[in-house]
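Okay, structure first, notes after.
The values are calculated or read from the model by the stated rules, or taken from the named source; none is laboratory data. Quantities reported herein were computed from a predicted structural model and do not represent experimental measurements. Here Cβ is always computed from backbone atoms with ideal geometry, including for glycine, and neighbour counts include all displayed protein chains.
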Amino acid sequence: MEPILQSALPQAPWMEERTRRLPGVVPLAYADWLQVDDAYGAQLAYKAQLLRDRRETVLQMRADALPAAQELLELALAHAPEGIADAPIDRDAPLETLSRLFQEDFVILQKQGDRHILTAALLCFPASWSLAEKFGKPLTAIHDPVPEYDAAIARSVERMFTVLRPEQPLMRMNALVYADPDLHHPQRGSDIKRAAGHRGFIRSERQCMVRLPTTGAAMFSIHTYLVREADLTPAQADSLAAHPIIHEGF
């Protein structure tokens, strides 16, 4: 399979101090939430293949999360950018519909007690984490065992989701080195070449966080960029040399 790549990385998180440090969260306008780029058609085709062949791996939803998923679909449709596919809208299958329209993956978190629990997700392009292992678990467990995601940062992120307001979405980006350009990496250590010290591709996830106003659920969307390291701009490459990617995680 030919790698699905963007021709350029529009934003490199390691180039700015505010996005380089964990958790690196910045305010977001709804107009800038969902993105369409030159990998749109190929990413949607791969998502359709994964939903057909590995459905239980990439899609999970508790019954009580359906209203939140339907609200998410309506919100995404209201803010859909130009260039999205003309696909049928099935409000009884909101995550599948989102997959036909948007490059982003979507994860829904619902508050139970003092924790946000993962109750629904369309996750076709995981970066070395398994939906099956994380489904039904709290937000802090989703990030284990990333070394940089220590207890203090975990508490900070939980607080961020607790105070997340519908009128003010948030965004962060990460950066990861991969040798295997497959977008679907549902297991840690699945990139054997990278484990052996090889590289070649830069993967960056644009993670946007939104509070759904009616159901009150929180969600984050993940737009995955994958470019050849050789296709970074000179400024991006120079900054990467000064601020190397040293962790694996999100």
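Go over the candidates Thr97, Thr140, Thr57 one by one and state the one that is more than 27 Å from Ile4 (Cβ to Cβ), surrounded by 15 or more Cβ atoms within 10 Å (Cβ to Cβ) and among the hydroxyl-bearing types (Ser, Thr, Tyr). If you could, list the steps in order and put the result at the bottom.
Values: Thr97 fails: more than 27 Å from Ile4 (Cβ to Cβ); Thr57 fails: more than 27 Å from Ile4 (Cβ to Cβ).
Going through Thr97, Thr140, Thr57 in turn, the sole match is Thr140.
So which residues in the stretch 84-111 are among the aromatic types (Phe, Trp, Tyr) and assigned to a loop (DSSP other than H, G, I, E, B), if there are any at all?
Going through the stretch 84-111, the residues among the aromatic types (Phe, Trp, Tyr) turn out to be 102, 106.
Selection gives Phe102 alone.
In the set Arg194, Arg199, which member is touching a helix residue (DSSP H, G or I) at 6+ places or on another chain (Cβ under 7 Å), basic (Lys, Arg) and at pLDDT below 90?
On the way: Arg194 fails: touching a helix residue (DSSP H, G or I) at 6+ places or on another chain (Cβ under 7 Å).
Step by step, each of Arg194, Arg199 is checked, and only Arg199 is touching a helix residue (DSSP H, G or I) at 6+ places or on another chain (Cβ under 7 Å), basic (Lys, Arg) and at pLDDT below 90.
Does any residue in the stretch 83-96 that is touching a residue at least 24 places away in the same chain (Cβ under 8 Å) come within less than 9 Å, Cβ to Cβ, of a residue that is surrounded by 10 or more Cβ atoms within 10 Å (Cβ to Cβ) and of a type in the set (Ser, Thr, Tyr) six or more places away or on a different chain, and which pairs are these?
Filtered contacts from the stretch 83-96: Gly83/Tyr40; Ile84/Tyr40; Ala85/Tyr40.
Val157 passes all but one of (1) crowded, with 20+ Cβ neighbours inside 10 Å; (2) closer than 20 Å to Ile117 by Cβ; (3) among the β-branched types (Val, Ile, Thr); (4) modelled with pLDDT of 95 or more; which number fails?
With (1) crowded, with 20+ Cβ neighbours inside 10 Å; (2) closer than 20 Å to Ile117 by Cβ; (3) among the β-branched types (Val, Ile, Thr); (4) modelled with pLDDT of 95 or more applied to Val157, the lone miss is (4).
Among all residue pairs at least 6 apart or on different chains, which show Cβ distances below 6 Å where the first residue, located in the stretch 44-58, is within 14 Å of Leu95 (Cβ to Cβ) and the second is β-branched (Val, Ile, Thr)?
Leu50/Val58
From the list Pro3, Pro10, Pro81, which one is touching a Pro at 6+ places or on another chain (Cβ under 7 Å), within 30 Å of Ala237 (Cβ to Cβ) and not in a helix (DSSP H, G or I)? I'd like the intermediate steps shown before the answer.
Details: Pro10 fails: touching a Pro at 6+ places or on another chain (Cβ under 7 Å); Pro81 fails: touching a Pro at 6+ places or on another chain (Cβ under 7 Å).
Matching residue, one of Pro3, Pro10, Pro81: Pro3.
Out of everything in the stretch 13-47 that is among the small types (Gly, Ala, Ser) and under 30 Å from Thr57 (Cβ atoms), what residue ends up being modelled with the lowest pLDDT?
At the first step, the residues of the stretch 13-47 found to be among the small types (Gly, Ala, Ser) are 24, 29, 31, 39, 41-42, 45.
Going one step further and asking which of them are under 30 Å from Thr57 (Cβ atoms), we end up with 24, 39, 41-42, 45.
Values: Gly24: 87, Ala39: 98, Gly41: 97, Ala42: 98, Ala45: 98.
Per the stated criteria, the residue is Gly24.
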